[in-house]
Amino acid sequence: MFLEIPDVLSPEEIARVKKIAAGATFLDGRISNPHNQTKNNLQVDHNDPAFRDSSQILVQALWRSETFRNFTFPRRIGPPLLCRYQPGMRYGRHPDAAFLPMRPEPLRSDVSATIFLNDPGEYEGGALVIHLGSKPISIKGPSGSAIVYPSTTIHEVEPVTSGERFVAITFIESQIVDERRRELLYTLNEVAALEGLNMDWENRVRLEHVRHSLHRMWST
Ligand SMILES: O=C(O)CCC(=O)C(=O)O
Ligand SMILES: [Fe+2]
C-alpha cells in the first residue's frame, strides 16, 4: 500500500527549501549507489550546509504530519536529501537498501518517501512508478506533497524529457517492521478514528484494547 499526502510542506517552507537549494552544490547521484547503473540524478552534497538546513525543515514537516505518522509509525526518519532530475536523468527499477548509514546506528529503511518540491507542470516525464502487483502506478505529486511506500517495493523514476524534477527523498525506520502488520494497524486505527465515537462504549473500549495491544505486540 502506498499513500499520497498533500500539503506536508507549507508554501513558506517550499520557498525556503528552494532558496537553500539555489545556492547549494549538487553532485552526481551515483556516489550513493554506484552499483545501480540506471541511477542518474543529482543530489545535494552531504558536506554542504544546505543539506543540513534543508533536511531540518523537511524532517520537521514530516514529523508534524499526522497522516504521515499514522501511516508510517515512525521511530526514526533519515535526513531528506534534495535531488534534481534534469533532461535524460532517471533512476531505474530498484527496491531500497535495507539499512542506511546513520548515527548512532544504521537506519533500517521500512518506508520510503518522496517529497515533491516542484509541480508536475514544470517537467515532462519523471514520474515515480511503483510496481505493486501486476499494475505499475505512476505518480507525479504537486509541490509540497509526499508519497510514502514500503521500501521493499520495486520502484523507478522515469526519464525526465524536459524541465527539471526537484524532490527530496528519505527513509523511515518504523516501529512496525512488517509491512502487512503496519498496514493492518493503520487501517484499524483509521476505522477506529472514523467510527469509534458512533460505537457502543463497551465495544469501543474493546476495540481500543485490540488496537493498543497489537501496536505493543508488533513493535520492535
Ligand atoms: O526520486 C524519487 O522519487 C525516488 C528516488 C529513489 O527511488 C531513491 O532515491 O531511492
Ligand atoms: Fe528508491
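Of note:
- Scanning region 12-32 for residues that are under 19 Å from the mean Cα position of the chain (by Cα) and surrounded by fewer than 15 Cβ atoms within 10 Å (Cβ to Cβ) yields nothing.
- For region 127-160, the tally of residues that are small (Gly, Ala, Ser), closer than 24 Å to Leu107 by Cα and either outside any loop (DSSP other than H, G, I, E, B) or within 11 Å of ligand 2 (Cβ to nearest atom) (or both) stands at 2.
- Test: residue in region 4-25 that is within 15 Å of ligand 2 (Cβ to nearest atom) and not in a strand (DSSP E or B): no
- Residue among Arg75, Arg52, Arg84 that alone is exposed (fewer than 15 other Cβ atoms within 10 Å of the Cβ) and of a type in the set (D, E, K, R): Arg52
- Once region 82-102 is narrowed to residues that are over 21 Å from Leu27 (Cβ atoms) and in a loop (DSSP other than H, G, I, E, B), the residue that is farthest from ligand 1 (Cβ to nearest atom) is Ala98.
- Residue satisfying all of: in region 126-167; touching a residue at least 40 places away in the same chain (Cβ under 8 Å) and on the phi > 0 side of the Ramachandran plot; nearest to ligand 1 (Cβ to nearest atom) among these: Gly126
- Pick from region 55-72, criterion surrounded by 20 or more Cβ atoms within 10 Å (Cβ to Cβ) and either touching a His at 6+ places or on another chain (Cβ under 6 Å) or not polar (S, T, N, Q) (or both), ranking: nearest to Phe116 (Cα to Cα): Leu58
- Complete set of residues in region 191-220 that are closer than 26 Å to Ser112 by Cβ and surrounded by 13 or more Cβ atoms within 10 Å (Cβ to Cβ): Arg211, Leu214, His215, Trp218, Ser219
- Remark: pairs (first residue in region 12-28, in contact (Cβ under 8 Å) with a residue 12 or more places away in the chain; second residue surrounded by fewer than 17 Cβ atoms within 10 Å (Cβ to Cβ) and assigned to a loop (DSSP other than H, G, I, E, B); Cβ separation under 9 Å; 6+ apart in sequence or on different chains) = Ala24/Asp45; Thr25/Asp45; Thr25/Asn47; Phe26/Asp45; Leu27/Asp45; Leu27/His46.
- Total residues in region 161-220, condition assigned to a loop (DSSP other than H, G, I, E, B), more than 22 Å from the chain's Cα centre (by Cα) and not hydrophobic (A, V, I, L, M, F, W, C): 1
Where a number appears in this text, it was derived from the coordinates with a stated rule and is not lab data. Since the structure is predicted, the reported quantities are computational estimates derived from the model, not experimental observations. FYI the Cβ positions are ideal-geometry reconstructions off the backbone, even for glycines, and counts take in every protein chain you see.
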